[in-house]
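A short worksheet on the structure shown next.
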Amino acid sequence: MVGSTYQDLLDNIAGSFGLIISGGKIPVDEHLIETAGPSLRVISSTSMGYECVDTNALKKRGIVLGNTVHATTDRVSELTVGLLIATARHFLDANQQMKSGKLPTSLGTGLTNSVVGIIGCGNIGIAVAKMLSGFKLSGLLYTSRKPKPEVECLGGQLVSLNDLVGRSDFIILATVLVPETMYIINKDRLALMKPNAVIINVGRGKLINQDDLVDALRNKRIRGAGLDVTTPEPLPLDHPLMTMDNVVILPHIAGRNTIEAAMEKAQLTIDNIFAVFNNQPMPCQVNL
Ligand SMILES: O=C(O)C(=O)CO
């Protein structure tokens, strides 16, 4: 079943075996699941995130959920490192200056001898930590519910969130959006950051209180931000973040703007549905 609005889904879902979700804008709630009836066995997300899905309602009905984390992790991670360097070294500003015949004047900061903090050490956080291990960092901090051996063996140190934001030069948000992580970067945490801190968000826009971020950037409380995700998406052209030269904004492309990713994700989304149909294990099942 594929629908373009919540109402469209409600009107047509009854009797469906599977539901493909994309974009995360339509809520998959208990009412929709009840309306589908007992035939609904599987929900397959074209993306990695599934915050629009009421996972408790799925558990109650024994419906399984698939996503595309296997096709997404490396792509998101490489974009994260790219966005970090582009923001820290003012690539966009330099590019604009050069194209208008000027020489860039602003100075950036490099990764060498810096402390990087990764908030949320799931698949993406771990992959980013591995990629960053090629740089000469002076420290790698991370937050997680439990220690991650894959990051510890790279010299990573598990710390509290406040400790991480206070000690890092670069802060990477790579965590999922759940009620507990909503607005974890707010004015109190921004106040703890170093004045040279640069924030990179590849998780979800609502991990950051955007008004507080605008204030911190305007007042030079922190140095800059690289955002692949914002609230809303896309960000309106007249939003203050769009005019700041210490901010790099991308239109949520981390997991999807490569040809390979688009093809692999489409295939995985379908394979997840067919696996359930054929009583086989899903290639990419979410642990509910
Ligand atoms: O797949 C997802 O959920 C993403 O947001 C990738 O950027």
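With coordinates expressed along the principal axes, the C-alpha atoms belonging to region 39-81 extend over 41, 15, 11 Å, beginning with the largest.
Relative contact order of the chain: 18 percent, from C-alpha pairs under 8 Å at least 6 residues apart in sequence.
The shape of region 1-157 comes out oblate: with a ≥ b ≥ c from the C-alpha gyration tensor, a/c is at least 1.5 while a/b does not beat b/c. Within the chain, the selection of entire DSSP H helices by a Cα span of 18 Å or greater along the long axis and an average Kyte-Doolittle value of at least -1.0 returns 69-88, 259-277. The value of relative contact order for region 211-273, using C-alpha pairs under 8 Å at least six residues apart, is 30 percent. Each Cα pair under 8 Å and six or more residues apart adds its sequence gap; the mean of these over the residue count of region 1-136 is a relative contact order of 17 percent. If the limit is 29 Å between Cα atoms, which of K148/K220; K60/K146; K206/K265; K187/K265; K146/K187 go over it? Too far apart for the 29 Å limit: K148/K220; K187/K265. Cross-link partners of K25 among aspartates and glutamates, defined as those whose alpha carbon lies under 18 angstrom from its own and excluding same-chain residues fewer than eight positions apart: D8, D11, E51, D54, D228, E233. Computed from backbone phi with θ = phi - 60° and the Karplus coefficients 6.51, -1.76 and 1.60, the 3J(HN,Hα) list for region 175-181 is 10, 7, 8, 9, x, 6, 9 Hz; x is used for glycine and proline. Put in line by how crowded their Cβ is, counting other Cβ atoms within 10 Å and starting with the fewest, R256, R204 read R256, R204.
By the count of neighbouring beta-carbon atoms within 10 Å, fewest first, H90, H31 end up ordered H31, H90.
Label positions at S22 and S133, each projected 7 Å from the Cα along the C-beta direction, are separated by 3.6 nm. Between K146 and L288, the FRET efficiency from the beta-carbon distance, with R0 = 22 Å, is close to 0.75. Based on the Kirkwood approach, the hydrodynamic radius assigned to the chain is 20.2 Å, with every pair of different Cα atoms included. Using the rule -39500 (n - 2.57) for each DSSP H run of four or more residues, divided by the residues of the chain, the 222 nm mean residue ellipticity is -10500 deg cm²/dmol. Computed extension length for L192-N12: 59.8 nm, one decimal, from 0.36 nm per residue of separation with the Cα-Cα distance subtracted.
Only aspartates and glutamates eight or more places from K194 in sequence, or on another chain, were considered; those with a Cα closer than 13 Å are D163, D169. The residues C153, C284, when put in order of fewest to most other Cβ atoms within 10 Å, stand as C153, C284. Peptide packing for 230-242, 175-187 was compared via the average number of neighbouring C-beta atoms within 10 Å per residue; ordered from the highest value, the list is 175-187, 230-242.
Values in this text are rule-based calculations from the coordinates and carry no lab data. It should be emphasised that the depicted structure is a prediction, and the values quoted were computed from it without experimental measurement. When we count neighbours, we look across all protein chains shown, and the Cβ atoms used for this are built from the backbone with ideal geometry, even at glycine.
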